[in-house]
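These notes concern the structure reproduced below.
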Amino acid sequence: MDLVSYEDALASYDPVMGLEVHVELGTNTKMFCGCATTFGAEPNSQVCPTCLGLPGSLPVVNATAVESAVRIGLALNCEIAEWCRFARKNYFYPDMPKNFQTSQYDEPIAFNGYLDVEVDGETFRVEIERAHMEEDTGKSTHVGGATGRIHGADHSLLDYNRAGIPLIEIVTKPIEGAGERAPEVAKAYVAELRELIRALGVSEARMELGQMRCDANVSLRPIGREKYGTRSETKNVNSLRSVERAVRFEIQRHATVLKEGGTIVQETRHFHEDDGTTTAGRVKEEAEDYRYFPEPDLVPVAPSRDWVEELRGTLPELPRVRRRRVQADWGLSDHEMQSVLNAGAIDLILETIDAGAPADAARKWWMGELSRRANEDGVELSALAITPTEVARVSALVVEGSLNDKLARQVIEGVLGGEGDPDTVVEKRGLRIVSDEGALGTAVDEAIAANPGVADKIRDGKVAAAGALVGAVMKATRGQADAARVKDLILEKLGAQG
Amino acid sequence: MSDLTRLTAAETAEAVASGKTSAVEVAEAHLARIDAVDEKVHAFLHVDREGALTAARAVDDKRAKGETLGPLAGVPLALKDVFTTRGIPTTVGSKILEGWIPPYDATLTRRLKEAGVVILGKTNMDEFAMGSSTENSAYGPTGNPWDLTRIPGGSGGGSSAALASYQAPLAIGTDTGGSIRQPAAVTGTVGVKPTYGAVSRYGLVAFSSSLDQGGPCARTVLDAALLHEVIAGHDALDSTSIDAPVPAVVEAAKLGNVKGMRIGVVKEFSGEGYQPGVEQRFREAVELLRELGAEVVEISCPSFTYALPAYYLIAPSEASSNLARFDAMRYGLRVGDDATHSAEEVTALTRAAGFGPEVKRRIMLGTYALSSGYYDAYYGQAQKVRTLITQDFARAFDQVDVLVSPTTPTTAFPIGERADDPMAMYLADLCTIPSNLAGNAAMSLPCGLAPEDGLPVGLQIIAPTMADDRLYRVGSAVEAAFTARWGHPLLEEAPSL
Ligand SMILES: [Zn+2]
C-alpha cells in the first residue's frame, strides 16, 4: 500500500488524538504488598502471596503510591477525588496473577486537569481527563514462534517481579486543533509529562526501561466535520521520537484507507521502531468486556482536603517555569535553549552543575561530545552509560589541569565503554597530563638535542619554529603534556622570549 | 481422666493448665476419636497427626518451663479447609486445588498457633464454600452425627460434624451466607459469624470478599467466646479488618443475663416454608427469653425478603472474579499440558475439570451479572438492596438490643434430597443472609429438637455491628436456661457413633 503523503493527509483531514501514558512509580515497594521493586532482579525473586495472587492473599494500598498519585494530579491541575475506590478489571492473561487487574474505573483519584506544552514557541493546552492508580502486570517472554507473542510460541516464561508495581495511568481528553502539528504536540506532551514526573521525583520515567509507556489513539475526520472518526490505538510506544513517528504514520495510514474508500477498524496496533510503521494486533472475535466492579478487598481512598493542600504546598517548580529560569540563568537564546530541550539535556546539565561543574562546561559536554555519541548510537542522552556526576568529574579534571580537552574526550570514551569511572579510566589508560617538570624537562632536552637546527633558529629569535619542537615533545609524551607549558619550557631553555 | 473428648474447650484448657492432663494426652484422645468415627462421619479432609502432636508437645513444654499459657492452650481444633496452612494441604473442597501446599499461614491460622491451639486437621466443606449441605465438596459428603444419612449443613459441614461427633471441642468456620450458623443449627452446636472485619480474611481463600467472615464454632457459648477472642482483632494485612478493640465477648458469655434487654422477633422470618417443629421450638425460645426478663417485641424488616436474590447476585459476581486466578499457571490442578494445547486451552481444560457444577453455575451467574449492559440491573440493584437491608437493621437496632429468628427454616434434610434443586438448597440460608449483606454479627445455638423428626433446631441471635458481645450475653443466658430445663446439653441426646 502506497501511503498518502503527510501533507496530502492534512489537506483533507483533521487529526484527533488521545494519549494514555502509564508511569511506573518509583516507590520502594509494590502497590498492594511489601515486595521490593528493584529493577533487573533475578526473575520471580521479588514476589509474595499477594503479588503472585495465591489463594487467600489480600491487597493493602501503598500509601506512598497514593501520595504520588495525588501529587501528579495536582501538578496536572486536576481535581482530587474526595473519595474514590479501586475496581477490578477482569480478563484472563497468564502474566496477571489474579486474572484481574486492580485498577480504578469510574472513580479516578484525579480528574479534569490540563498540561500546557510548547511547540515551536507556541503554547498548546492538552486537557487531562483523568489520572488513576493501578498495578502493573508480570512480564511474559514468549520463546519460539515468529512473532514473539504468545500465539505460536513454543513456551512462555513468566516473571512476576513486575506484577503489582504501582502505575499511574494518565489519560488526555481528545486533543483537537493541533492540525499538522499533531505528531509534535504528542511528542511535546509526553516529553513535558516526563519532565513533570521527574521534577515531582515520583519516577525516573525512563521510557527505554518501560517506566513510562505511551498508547497513542489517532482518528481522522474530514476537515470541517464535528464527529470523530474511528480511532486506532497504537500500544506501547516507548520513546519520544516513536510517539511522533507513530502518530504521523497513523495519520497517513488512516488517510490512505479513507481516501481509497475504506473504513478504519477500531483496533490496537503495534509500532515498529525499525521502519516507523504500525501493524494490527490480534483481531478479537468479540469486544472485551472487563466486567469492572468495585474492589471488595480494599477500602475507599479518601484524601483529606488538608492533606491535599499540604501536598500542593510541596509541589516543585514546574518544568516550564524552571526552563524559563534556566534559560535566563545560562543566558541562552531561544534557539540554544530549544536544542538543549530537544536533546533532553536540561536535567542532565543541571545535575552535572549540581555535581560541581561550571555551567558552560556542563552544557558543552552534554550538548557537544555526548550528544554526538548519543546520535551515533541512536539513543537518548539519558541512556548513555555516563552519569552527570561522572561528567562533572571529567570537567573538574580539566579545570584542575590534569586533562586537556582531547584527553577528556578519551576519558569519556572509556567511561561510555564501561571501563569504569573517570578516575579509573585516567589511571588505566595513563591519560594524565605530564606536569612533572623533571620528566617534561628531560623530554624537552631530548627534543632540543634531536633537532639542533630547529633549536638554533629559535635561539636566533625565530620563536615560531618552536612549534616543531612542541610537536616532538607532545609525541614523546603521547599527548599527555600541556602544550603551552612545553612551549614555555623550550623558549626558556633556549633563552628566547615568547 | 474420663473421656477427654467430652470436655468443653474451657474445661480442657483448665485441665491442661493445671496439669490434670497434658496437651499431648488431649491431642491423642482426639486423634483416636477421629480414627474411630471419622470413616463414618467424614468431617476431615486432612488430619495433621504430626503437626497436632508437635503443637501439643510445645504447649506441655511451655507449661513445664512455668510459662503462662493462653486461655485455649492445648485445646484441639478442627480448621475448615478454606484457611491456608503452611506446609499442610488446603483444598477448599475443590479438585482444582488438590495437592496445593500453601507457602504461608492465614492470619487466623497464625493466631491459633500462637495461642497454643492444637490444629488437628482440615475439615470438609462445600467446594469454595458454595453450598448449604457439604454435598458440593469434591471429596464426598459429610454425615450429620445426629443421622449420618442427613446433611451436617454447609458450607462448613465438616467443622460442625467434627464438633457434634466429639472429634474436636473447637472448630473454625467461615460464613458468607450462613455457612457457620446453618451447620451449627442442624448439628446442635454453636456457631458465630462475627461482625464483618472482626476476623482477618488474610489467608481465607475467597468466595465473596465483601461477605466472607471467619468465625468460631464450638459446643458451648463460652467456648465460642474464648475462640472468638483468640481469632479476632485488627490485621494490617487485611484492609477491611476493623481497627478497634474486640468486644468483650468472654466477659459477656460469663455474664449471661438478658434482664432488661429489648429483643426483637423478625416478623419476616416465619410462615410459608418454615417447618412447624422449627417454629414451635423458636416460639418456646422467645417465651424463655421473656421468662428470663427480656422485653420481646415484633420487628418488621421488609427488605429482608429481597436478601436472597441480592445475595445470589453479589456473591456469584465477586466469586466469578475471585476464582479467575485458578488458571493452572502457578499452582493446583493442570490439565492438558501436553505440548499440544495453548496456555488458554490449558486454563479452560483445567477449569472444566477442576470446578464442580455448583461452582461453575455461580461463576456463570456472576460473569453474567457483571457484564456490560447488565451490571446496573443486577449487581447495581443488588447493592441497593444491600443498603436497604442495612437501613432496616439500623432502624431495628434503634428499638431493640438484639433480633432473634430461627437460624434455618428446616432441620437437617437427607443427603441427596436437594442436590438437584439449587433453589431449594438456597432457601436454607434465608434467615442468615441479611447479616452477611449488612455485615453485622449473628450467632446460632441449639433451642431443642423438632418434635416431628427429633433433629436439632437453631436459634439465631443477631446483634449490631461491633456489638458481638450481646450475642454471647443473650446466648449464654439461653444456653444455661435450656440446659437446666433439659437436664443436660442438647448434644447428649445425639446417638452415639
Ligand atoms: Zn508481593
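Miscellaneous remarks
- Single match in A:ALA163, A:ALA146, A:ALA153 (criterion: open to solvent by less than 20 Å² (accessible area, probe 1.4 Å), part of a loop (DSSP other than H, G, I, E, B) and over 30 Å from A:PRO319 (Cα atoms)): A:ALA163
- Matching residues, the range B:103-117, being facing chain A (nearest Cβ under 9 Å) and within 17 Å of B:ASP235 (Cβ to Cβ): B:TYR104, B:ALA106
- Answer from A:THR389, A:THR424 - the residue that is loosely packed, with under 15 Cβ neighbours inside 10 Å and in a helix (DSSP H, G or I): A:THR424
- Pairs where the first residue, in the range B:471-486, is without any contact (Cβ under 8 Å) to a residue 24 or more places away in the chain and the second is outside any helix (DSSP H, G or I), C-beta under 6 Å, 6+ apart: B:THR483/B:PRO489
- Identity of the residue in the range B:6-28, buried (at least 20 other Cβ atoms within 10 Å of the Cβ) and among the small types (Gly, Ala, Ser), that ends up nearest to B:ALA73 (Cα to Cα): B:ALA13
- Residue match in the range A:99-116 (condition: surrounded by 19 or more Cβ atoms within 10 Å (Cβ to Cβ), within 24 Å of the chain's Cα centre (by Cα) and touching a residue at least 12 places away in the same chain (Cβ under 8 Å)): yes
- Residues (of a type in the set (S, T, N, Q) and out of contact with any Lys or Arg (no Cβ under 7 Å at 6 or more places or on another chain)) located in the range A:72-103: A:ASN77
- Near pairs, Cβ below 6 angstrom, 6+ apart or cross-chain, from the range B:239-267 (more than 14 Å from chain A (Cβ to nearest Cβ)) to any residue that is basic (Lys, Arg) and open to solvent by 40 Å² or more (accessible area, probe 1.4 Å): B:ALA252/B:ARG473; B:LEU255/B:ARG473
- In the range B:435-485, the residues that are acidic (Asp, Glu) and open to solvent by 20 Å² or more (accessible area, probe 1.4 Å): B:GLU452, B:ASP453, B:ASP469, B:GLU479
- Flag if B:SER200 is of a type in the set (S, T, N, Q) and surrounded by fewer than 24 Cβ atoms within 10 Å (Cβ to Cβ): no
- Number of positions in the range B:82-92 that are more than 11 Å from every other protein chain (Cβ to nearest Cβ) and not small (Gly, Ala, Ser): 2
- Helices (runs of 4 or more DSSP H) within the range A:305-358 that include 2 or more residues more than 21 Å from the chain's Cα centre (by Cα): A:305-312, A:319-330, A:334-342
- When A:PHE39 is tested against the conditions (1) open to solvent by less than 40 Å² (accessible area, probe 1.4 Å); (2) within 16 Å of the ligand (Cβ to nearest atom); (3) closer than 30 Å to A:GLU244 by Cα, the lone failure is (1).
- Any hit, the range A:18-33, residues being within 16 Å of the ligand (Cβ to nearest atom) and over 26 Å from the mean Cα position of the chain (by Cα): yes
- Subset tally (residues that are in contact with a strand residue (DSSP E or B) (Cβ under 9 Å, 6 or more places away or on another chain), within 14 Å of chain A (Cβ to nearest Cβ) and not aromatic (Phe, Trp, Tyr)) for the range B:183-208: 6
- One residue alone among A:ALA465, A:ALA449 is at pLDDT below 85 and part of a helix (DSSP H, G or I), and that residue is A:ALA465.
- Flag for A:GLU336 being surrounded by 13 or more Cβ atoms within 10 Å (Cβ to Cβ) and more than 21 Å from A:LEU193 (Cβ to Cβ): yes
- Residue count, the range A:468-498 (criterion: within 52 Å of the chain's Cα centre (by Cα), acidic (Asp, Glu) and assigned to a helix (DSSP H, G or I)): 1
- Check on B:THR432, in contact with a helix residue (DSSP H, G or I) (Cβ under 7 Å, 6 or more places away or on another chain), more than 14 Å from chain A (Cβ to nearest Cβ) and open to solvent by 50 Å² or more (accessible area, probe 1.4 Å): no
Residue-by-condition table, conditions (1) of a type in the set (Ser, Thr, Tyr); (2) open to solvent by 20 Å² or more (accessible area, probe 1.4 Å); (3) modelled with pLDDT of 95 or more:
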site: A:PHE32; (1), (2), (3): no, no, yes
site: A:PRO43; (1), (2), (3): no, yes, yes
site: A:CYS48; (1), (2), (3): no, yes, yes
site: A:GLY53; (1), (2), (3): no, no, yes
site: A:GLY73; (1), (2), (3): no, no, yes
site: A:CYS84; (1), (2), (3): no, no, yes
site: A:ARG88; (1), (2), (3): no, no, yes
site: A:PRO94; (1), (2), (3): no, yes, no
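- Scanning the range B:215-238 for residues that are small (Gly, Ala, Ser) and either without any contact (Cβ under 8 Å) to a residue 12 or more places away in the chain or within 11 Å of chain A (Cβ to nearest Cβ) (or both) yields one hit, B:ALA236.
The values are calculated or read from the model by the stated rules, or taken from the named source; none is laboratory data. Note that the structure is a prediction, hence the values are computed from the model and not measured. Cβ coordinates were reconstructed from backbone atoms using ideal geometry, including for glycine residues, and neighbour counts include every protein chain displayed. For the accessible areas, the whole protein counts, side chains as well, though only heavy atoms, and no ligand, DNA or RNA atoms are used. Shrake-Rupley method; radii C 1.70, N 1.55, O 1.52, S 1.80 Å.
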